[in-house]
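> Quick one: the structure is below, and I'll ask about it shortly.
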Amino acid sequence: MTGAAPSTNVRPEPLLSVRGLAKAFPSSRTLLWGGTRREVRAVSDVSFDLAAGETLALVGESGSGKSTTARLVLRLLAPDRGEVRFDGRDWLSLPLSALNRARRDVGVVFQDPGSSLNPRMNVETIVGEPLAIHRIGSSAERRERVLALLDAVGLPPQAAKRRPGEFSGGQRQRIAIARALATEPKLVVLDEPVSALDVSIRAQVLNLLLELQETTPSRPAYLFIGHDLGVVKHLADRTAVMYLGRIVEEGPTRDVLGSPRHPYTALLLASRPGLARRGDPDASLRRKVAGEPASPGSPPPGCPFHPRCPRGRRLPGRFVRTLGSSLEKRAGGSPVTTLSPPPGETFPPYSRNGLAWIHLARRTS
Amino acid sequence: MSRAPSDASSGAPLLSVRSLAVAFGDTRVVDGVSFDVARGEVVALVGESGSGKTVTGLSLLDLVPEPGRRVAGEIVFEGRNVDALPERDLRRLRGGGIGFVFQEPGAALDPVRTIGSELIAVLRRHRGLSRAEARAEALSWLSRVALPDPEARMGDLPHRMSGGMRQRAMVALALAGGPALLVADEPTTALDVTIQAQILELLLRLRDELGLAVLLVTHDLGIVAEVADRALVMYAGEIVEEASVERLLGAPEHPYTKALLASSPDAAEGAERAKLPAIGGAVPEPGAWPRGCRFAPRCPSAFDRCTVEHPATITRPGGRVACFLAGEERS
């Protein structure tokens with residue numbers, strides 16, 4: 001574990017570093033129904049780091065902003081605010097030509113390979129396209145590389161001449177993974193890569209992703225977007241839980257899922273239908289948390305979860321509305337974001353324990 | 001633990017399906033499916049895509065889309081053979097005897113009709129209520145399924161509601177006609193996990209309040225564990241195992257059930273970055289089912305006989321399994 005050099009607390013610069021990322025979309029609700037034009041804050045103030053070769057899962061429900069975050073990191077969308085450093089460079093200010101060159105270091109796998117693969121191309125063209133775009137190798141070398149990639153994802157060489165429509169969902173996702181890894185990227189963004197797959201196929205693809213992370217020479221880091229905590233547990237070193245555009249808890253997967261600190265994480269875990277059967281204590285937590293997430297068009301002030309939070313509801317309003325947050329070290333090391341009282345206030349004693357759980361997004365300025 | 005009050009008075013099951021077969025053109029997608037559902041019981045029909053579970057549910061009321069049709073089998077509901085019913089009675093049965101909840105309530109609800117008017121129409125048709133009575137009853141259904149602010153919801157079009165609210169409205173619609181059986185086809189698959197938990201709790205509560213039987217069509221063994229009394233596992237158009245949920249989870253017998261349980265990420269409580277035991281291959285397409293046991297090509301325990309001979313179903317009290325090995329282990 002500890003090398004010859006005395007270990008320091010200074011970590012090497014992460015491969016991907018995201019700070020204060022924010023993105024709002026104009027609301028498309030028309031005036032016909034009496035709605036007023038508003039903006040939907042899909043992502044507000046998201047920060048995280050991803051080290052080389054590591055897997056970070058962004059988990060959350062619909063509207064949490066996890067996919068938007070992925071799109072911002074990929075520069076498929078331009079953020080309103082925030083910084084993204086990738087591989088030592090200011091990723092957001094790279095000019096287009098440099099960005100396009102740099103894209104060979106980033107692979108993507110989307111949820112639905114049925115719509116993300118061009119149905120009129122054959123598999124060889126699809127998997128070899130990133131190599132051709134970045135002018136890697138001669139065409140003969142590229143063909144050889146495609147066959148090697150197909151072999152790595154468990155597809156026979158004959159697959160090369162066939163089209164995506166001739167494959168099952170699981171096989172199509174293997175094709176998408178082969179394509180994403182073709183240029184030996186340093187980062188692969190996996191946006192719900194197994195959500196559309198059947199249980200028995202899902203396990204195959206998850207195992208493949210784990211294996212390829214180790215066997216691909218570039219040892220890619222994974223940014224995994226998902227909602228299934230069971231899947232996350234198998235894949236991710238670290239997990240960040242998102243709610244209404246903010247990260248509400250982050251840490252090593254073992255800690256976040258094993259001893260959740262934020263009540264929303266606890267709710268997510270309790271809501272997962274489990275093979276541990278009914279009548280479990282989780283049921284009472286589920287009953288306590290009624291309601292649905294607020295619309296990202298009108299997020300509640302303060303902690304976005306507080307209207308549903310069994311603990312937050314007990315707090316005096318001024319606390320809920322003005323709570324700040326701070327970084328705290330979990331026993332054992334890694335930082336989690338937790339709550340601090342508003343300036344000049346202390347928490348009412350009865351709620352102090354609960355408040356360690358409740359947290360607001362990290363305020364970076 | 002028997003949550004389901006058994007129908008001791010009559011002894012006959014509420015629903016009885018015998019040797020059901022459904023084909024699209026010449027291709028069978030459901031093949032020889034038989035099962036019963038008792039009053040007040042929650043039965044799960046579990047399978048992956050292509051297993052035939054959805055078509056089985058739809059065929060109960062002849063709702064299989066063209067060109068699919070039932071080519072064999074018998075469906076008996078409340079003691080009456082569905083085939084013998086005139087179209088008028090069949091229509092009364094849809095909603096009045098058997099209610100349906102589908103995966104995507106956004107697609108199942110009429111986009112240009114308010115929830116209130118849909119409910120009122122159902123109540124007038126199936127319950128013969130006057131307009132005013134139906135309106136009052138519709139309101140009470142909306143509060144029963146815990147839709148917030150039911151009065152305001154009455155005038156809402158489906159697109160104004162969230163997915164979870166739409167599914168609550170769908171449940172109210174399915175139950176307003178007073179059915180004894182609710183067929184719920186992946187009712188929570190399109191919903192977020194915290195909302196899913198709420199809908200499942202709602203279904204269980206209504207089962208208890210109304211003595212409703214539920215046929216829950218799902219791919220998710222976690223949901224089965226949480227809400228079902230009994231489970232039917234389907235693979236390639238047939239039922240390969242039936243057991244109480246306790247037994248299915250605790251001592252599965254069919255290699256497919258075992259593999260499904262093992263490969264669910266939920267089930268494997270273990271360290272992160274651990275590999276899951278995966279089932280190789282994929283579910284065979286209808287029309288390309290292997291000759292012997294349909295699971296044999298993917299089965300870790302398959303032997304010669306499995307590839308040539310279709311295993312008979314071994315029935316015993318409380319369950320059945322279609323596997324040569326299960327028979328041998330017993331003897």
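The values are calculated or read from the model by the stated rules, or taken from the named source; none is laboratory data. Predicted, not measured: the structure shown is a model, and the values here were computed from it. Note that we place each Cβ from the backbone using ideal geometry, even for glycine, and neighbour counts take in every protein chain shown.
Table: residues versus (1) buried (at least 23 other Cβ atoms within 10 Å of the Cβ); (2) at pLDDT 90 or above; (3) within 30 Å of B:R39 (Cβ to Cβ); (4) within 7 Å of chain A (Cβ to nearest Cβ).
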site	(1), (2), (3), (4)
B:P252	no, yes, yes, no
B:P255	yes, yes, no, no
B:S263	yes, no, no, yes
B:G270	no, no, no, no
B:A274	no, no, no, yes
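> Do we have any residue at all in the range B:76-91 that's surrounded by 16 or more Cβ atoms within 10 Å (Cβ to Cβ), β-branched (V, I, T), under 16 Å from the mean Cα position of the chain (by Cα) and not in a helix (DSSP H, G or I)?
No, the range B:76-91 contains no residue that is surrounded by 16 or more Cβ atoms within 10 Å (Cβ to Cβ), β-branched (V, I, T), under 16 Å from the mean Cα position of the chain (by Cα) and not in a helix (DSSP H, G or I).
> Let me ask another. Suppose we filter B:G155, B:G116 for residues that are more than 18 Å from B:L216 (Cβ to Cβ), assigned to a loop (DSSP other than H, G, I, E, B) and touching a Gly at 6+ places or on another chain (Cβ under 8 Å); which single one remains? Steps first, answer last, please.
Values: B:G116 fails: assigned to a loop (DSSP other than H, G, I, E, B).
Just a single option satisfies the conditions, and that option is B:G155.
> Considering each residue of the range B:200-223, count those that are within 11 Å of chain A (Cβ to nearest Cβ) and surrounded by fewer than 24 Cβ atoms within 10 Å (Cβ to Cβ), and give that number. Outline the logic, then answer.
Of the residues in the range B:200-223, the ones within 11 Å of chain A (Cβ to nearest Cβ) are B:200-201, B:204-205, B:218-223.
Those still in the list that are surrounded by fewer than 24 Cβ atoms within 10 Å (Cβ to Cβ) too: B:200-201, B:204-205, B:219-220, B:222-223.
Residues flagged as within 11 Å of chain A (Cβ to nearest Cβ) and surrounded by fewer than 24 Cβ atoms within 10 Å (Cβ to Cβ) within the range B:200-223 amount to 8.
> Hey, another quick one. Which helices (runs of 4 or more DSSP H) does the range A:89-201 wholly contain that include 1 or more residues that are touching a Ser or Thr at 6+ places or on another chain (Cβ under 9 Å), under 20 Å from A:P217 (Cα atoms) and more than 14 Å from chain B (Cβ to nearest Cβ)?
On the way: elements: A:96-102, A:113-116, A:123-133, A:139-152, A:169-181.
Correct list: A:123-133, A:139-152, A:169-181.
> List pairs: first in the range B:289-310 and more than 14 Å from every other protein chain (Cβ to nearest Cβ), second outside any loop (DSSP other than H, G, I, E, B) and of a type in the set (S, T, Y), Cβ under 6 Å, 6+ apart or cross-chain?
B:G292/B:T307; B:A296/B:T307
> Continuing with this model, one more query. Pick from the range B:137-160 the residues that are in contact (Cβ under 8 Å) with a residue 40 or more places away in the chain and under 20 Å from B:L203 (Cα atoms): which of them is farthest from the other protein chains (Cβ to nearest Cβ)?
Only one residue fits best here, namely B:R144.
> Same structure again: Out of B:A107, B:A38, B:A21, report the one residue that is surrounded by fewer than 16 Cβ atoms within 10 Å (Cβ to Cβ) and not aromatic (F, W, Y).
It is B:A107.
> Okay, moving on. Hey, any hits in the range B:237-246 for a residue that's over 30 Å from B:G68 (Cα atoms) and part of a loop (DSSP other than H, G, I, E, B)?
Looking for residues that are over 30 Å from B:G68 (Cα atoms) and part of a loop (DSSP other than H, G, I, E, B), one finds none in the range B:237-246, hence no.
> Could you list, in sequence order, all residues of the range B:44-60 that are of a type outside the set (G, A, S) and outside any strand (DSSP E or B)?
Scanning the range B:44-60 gives B:E48, B:K53, B:T54, B:V55, B:T56, B:L58, B:L60.
> Considering each of B:R91, B:R125 in turn, give the residue that is farther than 21 Å from A:A294 by Cβ, in the same structural domain as B:I199 (by TED's automatic domain parsing) and out of contact with any His (no Cβ under 8 Å at 6 or more places or on another chain).
From the options B:R91, B:R125, the qualifying one is B:R91.
> Scan the range B:224-244 for residues that are among the charged types (D, E, K, R) and at the interface with chain A (Cβ under 10 Å from one of its Cβ atoms) and jot them down.
B:E226
> Kindly check whether there is at least one residue in the range A:169-180 that is over 13 Å from A:T55 (Cα atoms) and under 13 Å from the mean Cα position of the chain (by Cα).
No, the conditions are met nowhere in the range A:169-180.
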